[in-house]
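**Q** Have a look at the structure that comes next, please.
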Amino acid sequence: MTPTPLFVCFEGTDGSGTTTQGDLLADALRAQGRTVLRTAQPSDGEVGRLIRAALRGRTEHHLDPATVALLFAADRTDHCRHGIGPALER
């Protein structure tokens with residue numbers, strides 16, 4: 001019997017423990033024999049890398065905070081379409 005796919009999302013501000021809790025859950029699910037796609041946002045995609053660079057002040061031009069907020073929305077859309085969605089289908 002194939003386990004039902006799960007989609008779990010931890011939300012929280014920086015330093016609130018989302019990475020720790022995500023890692024603990026991923027480890028526990030893997031210990032049960034489940035396949036786990038562990039991701040984070042900003043993603044490792046092109047938009048996510050741009051966000052990380054902007055937050056570290058490593059872009060050619062200063063990005064307005066509203067622009068960075070829109071990049072987060074774009075990153076989430078791309079992440080869902082090309083990473084999370086296909087993983088759930090598999």
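The values are calculated or read from the model by the stated rules, or taken from the named source; none is laboratory data. Source: prediction; values computed, not measured. For neighbour counting, all protein chains shown are included, and Cβ atoms are generated from backbone atoms with ideal geometry for every residue, glycine included. Calculation scope for accessible area: heavy atoms of the full protein, side chains included, ligands and nucleic acids excluded. Shrake-Rupley method; radii C 1.70, N 1.55, O 1.52, S 1.80 Å.
**Q** Scanning the range 56-66 for residues that are closer than 16 Å to Glu46 by Cα and either among the basic types (Lys, Arg) or at pLDDT 95 or above (or both), which turns out most open to solvent (accessible area, probe 1.4 Å)?
**A** Arg58
**Q** Scan the range 27-52 for residues that are under 20 Å from His82 (Cβ atoms) and either among the small types (Gly, Ala, Ser) or open to solvent by 90 Å² or more (accessible area, probe 1.4 Å) (or both) and jot them down.
**A** Step one: filter the range 27-52 for residues under 20 Å from His82 (Cβ atoms), giving 35-52.
Scanning the range 27-52 gives Thr35, Leu37, Ala40, Ser43, Asp44, Gly45, Glu46, Gly48, Arg49.
**Q** Examine the range 45-59 for a residue that is within 14 Å of the chain's Cα centre (by Cα) and assigned to a loop (DSSP other than H, G, I, E, B), and state whether such a residue exists.
**A** Within the range 45-59, one or more residues are within 14 Å of the chain's Cα centre (by Cα) and assigned to a loop (DSSP other than H, G, I, E, B).
**Q** Then there is this: Inside the range 1-43, can you point out the residues that are at pLDDT 90 or above, touching a helix residue (DSSP H, G or I) at 6+ places or on another chain (Cβ under 7 Å) and over 26 Å from Leu71 (Cβ atoms)?
**A** Across the range 1-43, the qualifying residue is only Val36.
**Q** Restricting attention to the range 1-26, which residues are in contact with a Ser or Thr (Cβ under 6 Å, 6 or more places away or on another chain) and surrounded by 12 or more Cβ atoms within 10 Å (Cβ to Cβ)? Reasoning before the result, please.
**A** First, the residues of the range 1-26 that are in contact with a Ser or Thr (Cβ under 6 Å, 6 or more places away or on another chain): 10, 12.
The answer is Phe10, and nothing else.
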